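FYI, it's all coordinate maths here, none of it is from the lab. Quick caveat, the model's predicted, so the values are computed rather than measured. Using ideal geometry, Cβ is built from the backbone for each residue, glycine included, and neighbour counts are taken over all protein chains shown.
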C-alpha cells in the first residue's frame, strides 16, 4: 500500500537544494546525509511515475539502481530517458552513505567522502531529476 502524499520527485529537489546549501556552509555531515536521499528519491521518482512500487526497496539504492530500474525501463520504455547509468560515482559513494548517518557523531565523515556523495547527488539530479522536471514530472 503506497504511503500517502509520496512525491519522490519533489522530495529529491528539496533534498538537493538543502544538501547543496549545507555543503556550501561547511555542514558536511548533514549535506552528505541529505545528498543520499537526492539519489534515492530520484530513482524512486522514475519508478513511481511509471506505476512501479518502491516501498519494498526501502533505502536500498543499489537495488533501486539495478534490477528495479532495468525492469521499469522494459515495462515502461519512456523511463529509459532518465539515465541512472550517468550517476558514475554511485557505487563507492553510496557504500559510504547510509540512513544511519543521521546518528553519527558530528565531524566523523571525511571531507573526501562527503564530496563523493555530493557528486553522486549532482549526477542524479542532472541525469534523472532535472530531466523528469523538464518532462513535467515524467508524465
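Data overview
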| read-out | value |
| --- | --- |
| Least to most buried among 61, 117, 133 (fewest other Cβ within 10 Å first) | 133, 61, 117 |
| Label-reachable residues, segment 95-116, where backbone N falls under 19 Å from a point 7 Å from residue 63's Cα toward its Cβ | 95-101 |
| Full-extension gain in nm, residue 136 to residue 55, via 0.36 nm per residue minus C-alpha separation | 26.8 nm |
